[in-house]
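First the structure, in the form of structure tokens, and then the observations on it.
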Amino acid sequence: MINIVIFGKPGAGKGTQAAFLKSKYQLFHISTGDLFRHHIYNKTALGILARSYMDKGDLVPDQVTIDMLKDTVENHPEAKGFIFDGFPRTTKQAEALDNFLSGRSMTISATLALEANDDILVKRLIKRGKTSGRLDDQDEDKIRNRFEEYKNKTAPLRDFYTAQGKFHSVDGVGSIDEITQRLTELIDSLY
Ligand code: ADP
């Protein structure tokens, strides 16, 4: 079973690449951002709560996110492996994920980090905001706040996974195909 964490700043291309990896390696793709947006769209209680954080570019509280993630994994016992996109985003989430997976005799195989500089990322997000309708992509202050959240809460995961020997950096600048190629070469070199 391969379980991959796809890691990177907002706009790094996690969702785009996860969609390719999912079909190539037959993994079940879990995007916490997409799950929250689905709840928002359906106006569930979880969606209303998540929205109050997401619209500002803040992270949704850990326990809410962890519970949603666990439910999603538990609801897919048939999966051959998972690709976690946008989760974990804090050390507490990463620890919860490790505990939860080990309780199911599962483990993270690798964390693949898509790297790109902030100026490129801001441009990508503003461009995406013009078509996606995502409020968090349409305002440069909100985008900057997401980078702050990343720096303060998510960046420490680099050390967390490096200490486990699972952290791999991938250049996230180039065409979508080039980046897919880099990721698949890396995954194939690991297995
Ligand atoms: P991006 O990677 O472009 O920021 P996502 O769709 O992954 O986009 O996430 C959008 C928003 O959803 C985040 O800014 C945050 O508010 C919320 N979110 C997604 N995943 C998590 C998580 N693991 N923990 C807390 N909040 C999350």
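The values are calculated or read from the model by the stated rules, or taken from the named source; none is laboratory data. A quick note: this is a predicted structure, and the numbers were derived from the prediction, not measured. Backbone-built Cβ (ideal geometry, glycine too); neighbour counts: all protein chains shown. We work out accessible area using only protein heavy atoms, side chains counted, and drop any ligands, DNA or RNA first. Shrake-Rupley method; radii C 1.70, N 1.55, O 1.52, S 1.80 Å.
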(request) Just one of (1) surrounded by 19 or more Cβ atoms within 10 Å (Cβ to Cβ); (2) farther than 27 Å from ILE176 by Cα trips up SER52, so point out which. (result) (1)
(message) Being farther than 26 Å from TYR191 by Cα and surrounded by fewer than 21 Cβ atoms within 10 Å (Cβ to Cβ) is the filter here; which residues of segment 1-34 pass it?
(response) GLY33, ASP34
(request) Considering each residue of segment 21-37, count those that are more than 11 Å from the ligand (Cβ to nearest atom) and either at positive phi or part of a helix (DSSP H, G or I) (or both), and give that number. (result) 6
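Filter segment 10-33 down to the residues that are out of contact with any strand residue (DSSP E or B) (no Cβ under 8 Å at 6 or more places or on another chain) and under 16 Å from PHE87 (Cα atoms) and list them by number.
Correct list: PRO10, GLY11, THR16.
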(message) Between a residue in segment 1-20 that is within 13 Å of the ligand (Cβ to nearest atom) and any residue that is assigned to a helix (DSSP H, G or I) and of a type outside the set (A, V, I, L, M), which pairs come within a Cβ distance under 6 Å, given they are 6 or more apart or on different chains?
(response) ILE6/LYS14; GLY8/LYS14; LYS9/TYR150; PRO10/ARG146; GLY11/ARG124
(request) Could you name every one of the strands (runs of 3 or more DSSP E) located completely within segment 77-180 that has at least 2 residues being farther than 23 Å from GLN26 by Cβ and open to solvent by 10 Å² or more (accessible area, probe 1.4 Å)? (result) 167-171
(message) Please go through (1) of a type in the set (Val, Ile, Thr); (2) closer than 20 Å to LEU114 by Cβ; (3) buried (at least 19 other Cβ atoms within 10 Å of the Cβ) for THR65 and return the number of the only condition it doesn't satisfy.
(response) (2)
